[in-house]
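S.K.: Below is the structure I would like to discuss, written out as structure tokens.
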Amino acid sequence: MKYPKSGRFGEFGGKYIPETLVPAVQELEENYLKFKNDKRFKKELDYYLKQYAGRPTPLYFAKNLTEKIGGAKIYLKREDLLHGGAHKINNTLGQALLAKKMNKKRIIAETGAGQHGVATAMACAALGMKAEVYMGYKDTIRQKLNVFRMNMLGSKVHPVKSGSKTLKDAINEAIRDWITNVENTYYLLGSAVGPHPYPVMVRDFQSVIGNEIKSQMKKLHNKTPDSVIACVGGGSNAIGTFYPLVDTNAEIIGVEAAGKGLKSGFHSATLSAGSKGVLHGMMTYLLQDKEGQITETHSISAGLDYPGVGPEHSYLKDQKRVKYHSATDTEVIDAFLLLTRTEGIIPALESAHAIAEAVKVARKHKQSESIVVTLSGRGDKDVEEVQNYLNKHVKD
Amino acid sequence: MSRIKEKFAELDAKNEKALISYIMAGFPNENATLSAVKGLVKGGADIIELGFPFSDPLADGPVIQNASTLSLEKGTKIGKFFELVKKIRKITDTPLVLMTYTNILYNKGYSKFISEAKKAGIDGFILPDMSIEESKEYLNAAKGKTDTIFLISPNTSKERIRKISDASSGFLYLVAVYGTTGVKTGIKNYTLKAIKEVKKQTKGKVPVGVGFGVSTPADVKKYVSVGADAVIVGSAFLKLIEKTPQNKIEQKISAFTKSLKTQTRL
Ligand SMILES: Cc1ncc(COP(=O)(O)O)c(C=O)c1O
């Protein structure tokens, strides 16, 4: 859906927000609409994406992996090579630049594992601004290094001790800050979630991924990919990958975190196992109990640990245009090691969910077909987590 | 006429403004809530807001957040909550307003939730994350059953104030400050201006209540003096409940309520 004026993708999305935020969200929408087609804004953003972040990213043919699986050709869209090590910077540069045009002096953001927080801190440093980042108290301990990184980059981290002390609570706290300081503050949301226009705006800033895939595949094979695969947390790297390709014949698959298994209760597979509800300003699929209380999530990858999902994904699921599958922690560790060993590329645990699915899909498809997997980030941040997992689970 | 409307008419006749009190159901337990309600009634609260806890109360400050978490940990559930409302209805005819978040109603279905609430004795709803743009189904479900109380903020435009007041029944909830519930910032000039503006735009069609950060008799007096039809006190009651032993709650709440209520008599 191009630009849903109503703020809805089918029945999903909307603006379920406290009244104090209504003028701020309106101001954001007006400015976004004004600048998204503004030549100078586009030129400036392009400049930063190229010279600062390192776009375009390569579309790498994973020859070794392809041969090992023995099915369709697997291509990796190398968002892991971007500055900061993940796709997050596509969005933070776009929004930070917009905030600057809007003359907002104060930037706030939420972060789970710290990836979006770090990408925000980088974009703000590059554009001469300072950010304040809300992060669940549990996450500040699990991801100490990212807290230090943000501090070095000149941003302040606020540990959030309410609720489950993780990402969803960090979003709650960022929204509370925004309500309190609405006049001078820009809320730089990190995924394609939240009230309209965030889901559309973040999608647009991330669509550079899918647009590049389209033109790179055209150059290589003069066709669109047969399948595209991306992992889904809030859904920003996935919607950025999918959106430019929804009008093609490509098979599209989003991969959620099945954690310890969909039946175990310890997962973050919102679209695979959730139900409709309202959270963080949007109507979308959620993980919730029978009474509408949001439930705690689990994933080996902190970046997918969120009980909601972007409303456009809910729409694409119900339209049956995109399939949403999931990968368990164990499958993800296997995929992580497989890619590391065959290609010498250490993927983020989030991205390893997409790799796990790609292996399954490649086996089923002909050698003449091609699969593009968005490698949303690099895995340096996850090496310790993987080591702990292996120490615990592998006896030999 | 709804219980809330009747209450405002009755107060009008006595030249009084309304004292609206908020407490969280099941905080710190159901008996405490019942004792607190008795105290509120005895002390003269005109309307009682009952909070139903939500896991992600994004418009609330620390006091109500903590009360929500505790209430959920104590096992507060929708069915049990409606039973509690029925028990309260046996004690008093005071209008009862349910304050919670949209997802609690959405999850069960607006119509089903509102019908059951009405049957238990609820007279109106406050949903701080329900904007008028998204309210069509909610309004249809509440029509003829319960009042729908929307919020207005000091930064709400004149045109929007009129739209929101058209969608509101019972009263309008003017958020006094930029911030979450329970934050004490002192009385701001912009709030006093907002009260006058909202009164002007609504032309007396619906009473205007002022809440968020209101905690003392002096606050109540000030807001009433500039034209508020009602004053809403929440976190201050929760703090008092928290520090009072169970067997003293009724008495302490009653005394505090009385001290606030006195200021609404002109
Ligand atoms: C590398 C990486 N991939 C994916 C995600 C998930 O976010 P999204 O679904 O918005 O792309 C994250 C979030 O932190 C991430 O760091």
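S.K.: Within the accessible area of the range B:3-264, what % is carbon and sulfur when the probe is 1.4 Å and the other protein chains stay in place?
M.R.: 50 percent
S.K.: Same structure, new question: For A:Gln26 and A:Ala125, FRET efficiency with R0 = 30 Å and r from the beta-carbon atoms, rounded to 0.05?
M.R.: Efficiency computed from Cβ-Cβ geometry: 0.55.
S.K.: Moving on. So what's the Cα pair-distance distribution over the range A:79-198, bin width 5 Å, in %?
M.R.: Values per bin, smallest distances first: 2, 14, 23, 27, 21, 10, 3, 0.
S.K.: Also: Using DSSP, restrict attention to beta bridges with both residues in chain A and report what percent are antiparallel, rounded to the nearest 5.
M.R.: 30 percent
S.K.: List, in the order given, every pair from B:Lys77/B:Lys205; A:Lys77/A:Lys104; A:Lys168/A:Lys317; B:Lys5/B:Lys38; B:Lys112/B:Lys258; A:Lys2/A:Lys219 whose Cα-Cα distance in the structure shown is over 31 Å.
M.R.: From B:Lys77/B:Lys205; A:Lys77/A:Lys104; A:Lys168/A:Lys317; B:Lys5/B:Lys38; B:Lys112/B:Lys258; A:Lys2/A:Lys219, over 31 Å: B:Lys77/B:Lys205; A:Lys77/A:Lys104; B:Lys112/B:Lys258.
S.K.: Also, I was wondering about something else. When we measure straight from the Cα of A:Lys138, which aspartates and glutamates land under 19 angstrom away, once same-chain ones fewer than 8 places off are left out?
M.R.: A:Glu110, A:Asp169, A:Glu173, A:Glu296, A:Asp305, A:Glu350, A:Asp382, A:Glu384, A:Glu385, B:Asp56
S.K.: Next up: Only counting protein heavy atoms at a 1.4 Å probe, give the residues of the range B:41-71, ordered by number, whose accessible area falls by 20 Å² or more when the other protein chains are present relative to the chain alone.
M.R.: B:Phe54, B:Ser55, B:Asp56, B:Leu58, B:Gln65
S.K.: Which whole-number value in Å² is the accessible area per residue of chain A, probe 1.4 Å?
M.R.: Per-residue accessible area for chain A comes out at 39 Å².
S.K.: Let me ask something else about it. Give the separation of the Cα centroids, the range A:31-62 to the range A:252-278, in Å.
M.R.: Using only Cα atoms to place each centre, the spacing works out to 32 Å.
S.K.: How crowded by other chains is A:179-186, given as the mean number of beta carbons from other chains within 10 Å of each beta carbon?
M.R.: Mean number of neighbouring Cβ atoms from other chains: 3.
S.K.: Then there's this: What quantity of accessible surface, computed with a 1.4 Å probe and excluding non-protein components, is buried in total between chains B and A, in Å² to the nearest 100?
M.R.: 2800 Å²
S.K.: Determine, at each q value in 0.07, 0.09, 0.10 (inverse angstroms), the log₁₀ of I(q)/I(0) that the Debye formula gives when each Cα of the protein assembly as shown is one equal point scatterer.
M.R.: -0.47, -0.75, -0.89
S.K.: Also: Viscosity 1.567 mPa s, temperature 4 °C: give me the Stokes-Einstein translational D for the range B:3-264 in µm²/s, with Rh taken as the Kirkwood radius over C-alpha pairs.
M.R.: 72 µm²/s
S.K.: Could you sort the residues of the range B:128-166 by number and keep only those whose accessible area is reduced by 50 Å² or more in the all-protein-chain setting relative to the chain alone, 1.4 Å probe?
M.R.: By number: B:Asp129, B:Glu134, B:Asn155, B:Arg160.
S.K.: If packing is taken as the average count of other Cβ atoms within 10 Å, what order do B:95-101, B:20-26 fall into, highest mean first?
M.R.: Top to bottom by mean Cβ count within 10 Å: B:20-26, B:95-101.
S.K.: Antiparallel versus total DSSP beta bridges in the range B:3-264: what percent is that, nearest 5?
M.R.: Values: 0 of 27 bridges.
Around 0 percent of the beta bridges assigned by DSSP in the range B:3-264 are antiparallel ones.
S.K.: I'd like to check one number: the per residue accessible area of chain B, probe 1.4 Å, reported in Å² as a whole number.
M.R.: 39 Å²
S.K.: So what is the calculated 222 nm ellipticity per residue for chain B, using -39500 (n - 2.57) for each DSSP H run with n of 4 or more, over all residues, to the nearest 500 deg cm²/dmol?
M.R.: Value at 222 nm, helices only, nearest 500: -15000 deg cm²/dmol.
S.K.: Could you sort the residues of the range B:89-107 by number and keep only those whose accessible area is reduced by 40 Å² or more in the all-protein-chain setting relative to the chain alone, 1.4 Å probe?
M.R.: Correct list: B:Asn103, B:Tyr106, B:Asn107.
S.K.: Using only Cα atoms, locate the centre of the range B:86-101 and the centre of the range B:106-181, then give the distance between them in Å, rounded to an integer.
M.R.: Between the Cα centre of the range B:86-101 and that of the range B:106-181, the gap is 17 Å.
S.K.: Please report the relative contact order for the range B:3-264, taking Cα pairs under 8 Å with a sequence separation of at least 6, and give it as a percent rounded to a whole number. Mind dumping the intermediate values first?
M.R.: Values: 488 pairs, mean separation 65.5, N = 262.
Taking the mean separation of contacting Cα pairs over the length of the range B:3-264, I get 25 percent.
S.K.: DSSP beta bridges in the protein assembly as shown, what fraction antiparallel, as a percent rounded to 5? Provide the component values of the computation, followed by the final result.
M.R.: Details: 15 of 75 bridges.
That works out to approximately 20 percent antiparallel.
S.K.: Next question. What are the DSSP H helices in chain B that stretch 18 Å or more along their long axis, judged by alpha-carbon atoms, and whose average Kyte-Doolittle hydropathy comes to at least 1.0?
M.R.: In chain B, no H run is both long and hydrophobic enough.
S.K.: Highest GNM mean-square fluctuation, chain A, Cα pairs closer than 10 Å: which of A:Pro307, A:Pro56, A:Pro18?
M.R.: A:Pro18
S.K.: Averaged over peptide A:287-294, how many Cβ atoms belonging to another chain are found within 10 Å of each residue's Cβ?
M.R.: Mean inter-chain Cβ contacts per residue within 10 Å come to 6.
S.K.: Going 7 Å from the Cα of A:Lys42 along its beta-carbon direction, which residues of the range A:204-222 have the amide nitrogen within less than 19 Å of the resulting point?
M.R.: Flagged as within label range: A:204-216.
S.K.: Which whole number gives the average count of other chain Cβ atoms within 10 Å of the Cβ atoms across peptide A:8-20?
M.R.: If you average over the peptide's residues, the count of other-chain Cβ atoms is 6.
S.K.: I would also like to ask the following. What's the carbon and sulfur percent of chain A's accessible surface, probe 1.4 angstrom, rounded to a whole number? Display every interim value, and only then the final one.
M.R.: On the way: 7560 of 15250 Å².
Of all accessible area on chain A, carbon and sulfur atoms account for 50 percent.
S.K.: Another question, if that's okay. Would you mind putting A:226-236, A:376-386 in packing order, based on average other-beta-carbon counts within 10 Å, highest first?
M.R.: Ranked by mean Cβ neighbours within 10 Å, highest first: A:226-236, A:376-386.
S.K.: Over the Cα atoms of the range A:305-345, what is the Rg over Rh ratio if Rh follows Kirkwood?
M.R.: Values: Rg = 14.6 Å, Rh = 12.6 Å.
Ratio value, two decimals: 1.16.
S.K.: I would also like to ask the following. Between A:Lys364 and A:Asn388, what is the FRET efficiency for a Förster distance of 41 Å, r being their Cβ-Cβ separation, to the nearest 0.05?
M.R.: 0.80
S.K.: Still on this model: Would you look at the GNM of chain A, springs on alpha carbons closer than 10 Å, and say which of A:Glu19, A:Glu212, A:Glu350 moves the most?
M.R.: Result: A:Glu19 has the largest fluctuation of those listed.
The values are calculated or read from the model by the stated rules, or taken from the named source; none is laboratory data. In this text, all values refer to a predicted model and were calculated from it rather than measured experimentally. Positions of Cβ are generated from backbone atoms using ideal geometry, with glycine treated the same way; all protein chains shown enter the neighbour counts. Note: areas computed on protein heavy atoms with side chains; ligands, DNA, RNA excluded. Shrake-Rupley method; radii C 1.70, N 1.55, O 1.52, S 1.80 Å.
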